[in-house]
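Trainee: Supplied in structure tokens, the structure appears directly below.
The values are calculated or read from the model by the stated rules, or taken from the named source; none is laboratory data. Fair warning: this is a prediction, and the values are worked out from it, not measured in the lab. Cβ placement follows ideal geometry from the backbone for every residue including glycine, while neighbour counts extend to all protein chains displayed. Surface areas here come from the heavy atoms of the whole protein model, side chains and all, with no ligands, DNA or RNA. Shrake-Rupley method; radii C 1.70, N 1.55, O 1.52, S 1.80 Å.
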Amino acid sequence: MAAAGFSIEKVEHELDIWGLPAHPVHLGDIGGFPIDVNPKTIVFTWVAMIIVLLLGVLAARGASVRRPTRMQSLFELMFDFLRGLINENMSPQKGNSIFTLIVTFFLFITTCNFLGLVPTLMAPTADHQTTFAFALITFFMMFWLGIKYKGPGYFKHYLKPFPFFLPITILEDLAKPLTLAFRLFGNMKGKEVMILALLGLITGVAEWGGGFLASVAWLGFGVFVSLIQAFVFTMLTIAYIGIAVADDH
Amino acid sequence: MDLSFNYTLLAQIFHFVLLLVLLRLFAYKPLLKVLADRQKYVADNIAAAEQEKAEAQRLKERHDAELKRVQEQTQEIMQKAARSAEEQAQQIIESARLEAGRLKDSALAQIQREKEKAMAELRGEVASLSILIAGKIIGRQLDDAVQHRMVEDFIKEAGELH
């Protein structure tokens, strides 16, 4: 491996057929604040958005009460599944307000994750900024809905069961978005690195069998991980919001 | 690995919110409407089915009652018919018996009458024959005049016989 000069960066560079810079690009300054973006992440986010939108429109178009189309059935299945998860964690009336958020999380994260399975493409979720963006939305929704349903009394839960637990309860709340973001990012980045590494092995004759078979096996596992991580993120978002809006006993 | 943050974070938040809004507009709304419509459709159908079932139950009860009533009526009519038939039969038998008795009586009367008539005729015949025989037995001992008178009587009587 080392003899052939194997490196992830080299494979990544060889597979980069889109000509997108892998490093942040400076777009200018607004009020002294530098506007830097990761072009690869942004572009593949757009790709994922377009795919999700197309799927959604395809499902909604020709949606019928009596004869659901295939895509419609798939969406309805997902709706039912997520609705069930939401209703297990909060009252249906509260659940209604986050339903579209949850569905979008699940759809978008799944699509982003799957993008990473295609060589030369990149999962936007393999960039920590994407996962942190999602986790911040969850974090914000926790407070927004908590205050919406409980008023200022929402913050009382930091003093329970005892006021001197305050630092711990604050840490607990801060850990939620942090773990959400890093769990998804770590899984997707790891999956991507593994794909690159295994693709990198398919160069010499000796490594062909191992590299190719392992790559195929890993891609299969990648599908599984992608779905599981999207589900975990969605599920935890429901659970965190559920805790935030739960009525005190 | 570079874990610093730049504008990408905000862009991703914006992207997500944009996608949420677009999906809500173009995908979720129509799909959720279809789901709600279907739920309503199913609920309506179930309600209609229940109503129809109740209606059917009601009709069945009515028909059962009707059937029972008709059966009872039939039973009654049959019994009445059987009773009246029996009565009629009894009547017919009775009248036949009366008729037979009447016929028998009239036949007996007829026979009696015929018998009496026959007896009367026989009595006349016997008398004349007796006289005839008596005349024959005693004729020789009578004189001509008497004989003659007796023969004349006899002829007269004989003539009267018929």
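Trainee: Limited to segment B:1-48, what total is found for residues that are at the interface with chain A (Cβ under 7 Å from one of its Cβ atoms) and of a type in the set (A, V, I, L, M, F, W, C)? First the steps, then the outcome.
Mentor: Here is the first cut: in segment B:1-48, the residues at the interface with chain A (Cβ under 7 Å from one of its Cβ atoms) are B:3, B:5-9, B:11-13, B:15-16, B:19-20, B:22-24, B:26-28, B:30-31, B:34-35, B:37-38, B:41.
Cutting the leftovers down to of a type in the set (A, V, I, L, M, F, W, C) gives us B:3, B:5, B:9, B:11, B:13, B:16, B:19-20, B:22-23, B:26-27, B:31, B:34-35.
Total satisfying the criteria: 15.
Trainee: So, A:Y240, is that one of a type outside the set (S, T, N, Q) and out of contact with any Pro (no Cβ under 9 Å at 6 or more places or on another chain) or not? Walk me through how you get there before you give the answer.
Mentor: Values: of a type outside the set (S, T, N, Q): yes; out of contact with any Pro (no Cβ under 9 Å at 6 or more places or on another chain): no.
Spelling it out, it is not the case that A:Y240 is of a type outside the set (S, T, N, Q) and out of contact with any Pro (no Cβ under 9 Å at 6 or more places or on another chain).
Trainee: Moving to a separate point now. Under the condition of being crowded, with 16+ Cβ neighbours inside 10 Å and more than 7 Å from every other protein chain (Cβ to nearest Cβ), which residue from segment A:48-66 is nearest to B:V34 (Cα to Cα)?
Mentor: Here the residue is A:L58.
Trainee: To continue, here is another question. Filter segment A:86-114 down to the residues that are crowded, with 18+ Cβ neighbours inside 10 Å and away from chain B (no Cβ under 14 Å) and list them by number.
Mentor: A:N89, A:M90, A:K94, A:N113, A:F114 - these are the residues of segment A:86-114 that are crowded, with 18+ Cβ neighbours inside 10 Å and away from chain B (no Cβ under 14 Å).
Trainee: In this structure, is A:T131 open to solvent by 10 Å² or more (accessible area, probe 1.4 Å) and either at pLDDT 95 or above or of a type in the set (S, T, N, Q) (or both)?
Mentor: On the way: open to solvent by 10 Å² or more (accessible area, probe 1.4 Å): no; either at pLDDT 95 or above or of a type in the set (S, T, N, Q) (or both): yes.
Taking the combined requirement at face value, the residue does not satisfy it.
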